[in-house]
Amino acid sequence: MPTLKEQIEIAWNNLQKSIEHGTIAISSEKTFVFNFAMELAKNYKCEGIYLDFEYQAYDNIDGSDKYLDLLVYETTSPNIKYAIEFKAPMKSGSGNSNQTETRKKIYKDIARLQYLTENDDEIIGGYFFMITNEAPYFNASEHRDNTFDTSHQHTGSTNDFKKQYGLQCDFTFTFIWHNDHLGLENNHSFACLKPIFICKIKR
C-alpha cells in the first residue's frame, strides 16, 4: 500500500495528465482544489482518508487570512498530516489576474507551509500545487517587478517572510513548469508547476 505522501503524488500526477489533456475543466482555484481532492479520494476508494478544506491553520500569523486550502491525513494515522496550498491564476473575460500581487501570494503560501511544518508536530510536510493559463507566470521578463519571480527554472526562497513568520531557516525552491511551451491561446490550456514540497526538519 502506498504511503500518504505517495498517494498525494499519484493523485497529482493523475490530475496533471487530465488537465494537460483537456479531459477536465478547471474554471477556478476552487475547482482545482476539488478535482485534486477527488483524485486523492479515488485512490482510497473514498474510505480511510480525511480531507479538511479551508482548515484554520494560520491564526497565530495571519489575522485576515487564516485558512489552509487543504489538510489531509489517513484516519488510521491522524498524527501524520500534510498541508496543501493551491494557486490557479487564470484569464477571464475581464482580463488577466493581478500577476504582481499573485506572485507575492505564491511565495507567501510556500512560506506559510514552511511555518506549519516547523510549528505543528503533526504536519510532516507541505505541498504547493499550481496551474495557470497566463504565460507571464512562467516566462522570464526584465520589464516587470521580479521581486517574487515565478518564471521557469528560477530559484526563489522564503527569506522575505522569515522574520514575519518566525521561520527557522531560509527555504529555497525552483519553479519547474510543464506545458510551458504551449501558446495558451485559450482558457482550456494550462501549464502545470512541478509540485514544491516542504519537508519537516527535525529539531
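The values are calculated or read from the model by the stated rules, or taken from the named source; none is laboratory data. None of these values were measured; they are calculated from a predicted model. Please note: Cβ atoms are built from the backbone with ideal geometry, for glycine as well, and neighbour counts cover all protein chains shown.
Out of everything in the stretch 25-60 that is closer than 28 Å to LYS91 by Cβ and of a type in the set (Val, Ile, Thr), what residue ends up being farthest from the chain's Cα centre (by Cα)?
By that ranking, first place goes to ILE26.
So ALA140 ticks every box in (1) farther than 18 Å from ILE198 by Cα; (2) in contact (Cβ under 8 Å) with a residue 40 or more places away in the chain; (3) of a type in the set (A, V, I, L, M) but one. Which box is left unticked?
So the condition that ALA140 fails would be (2).
Only one residue in PHE53, PHE36 is closer than 18 Å to ASP109 by Cα and either among the aliphatic types (A, V, I, L, M) or surrounded by 15 or more Cβ atoms within 10 Å (Cβ to Cβ) (or both). Which one?
PHE36
Going residue by residue through the stretch 103-113, is there one that turns out to be farther than 22 Å from PHE161 by Cα and of a type in the set (D, E, K, R)?
Scanning the stretch 103-113 turns up no residue that is farther than 22 Å from PHE161 by Cα and of a type in the set (D, E, K, R).
Using beta carbons and a limit of 6 Å, which pairs, at least six apart or on different chains, have the first residue in the stretch 11-24 and more than 13 Å from ALA88 (Cβ to Cβ) and the second one among the aliphatic types (A, V, I, L, M)?
As it stands, the answer is ALA11/LEU40; SER18/ILE24, since those pairs meet every condition given.
Given the options THR117, THR150, THR102, THR132, name the one that is among the β-branched types (Val, Ile, Thr) and more than 27 Å from GLY22 (Cβ to Cβ).
None of the other options fit; the residue is THR117.
For the stretch 61-75, which positions are over 15 Å from the mean Cα position of the chain (by Cα) and in contact (Cβ under 8 Å) with a residue 24 or more places away in the chain?
Correct list: ILE61, ASP62, TYR73, GLU74, THR75.
If you go through the stretch 100-119 one residue at a time, do you hit one that is assigned to a loop (DSSP other than H, G, I, E, B) and at pLDDT below 95?
No, the stretch 100-119 contains no residue that is assigned to a loop (DSSP other than H, G, I, E, B) and at pLDDT below 95.
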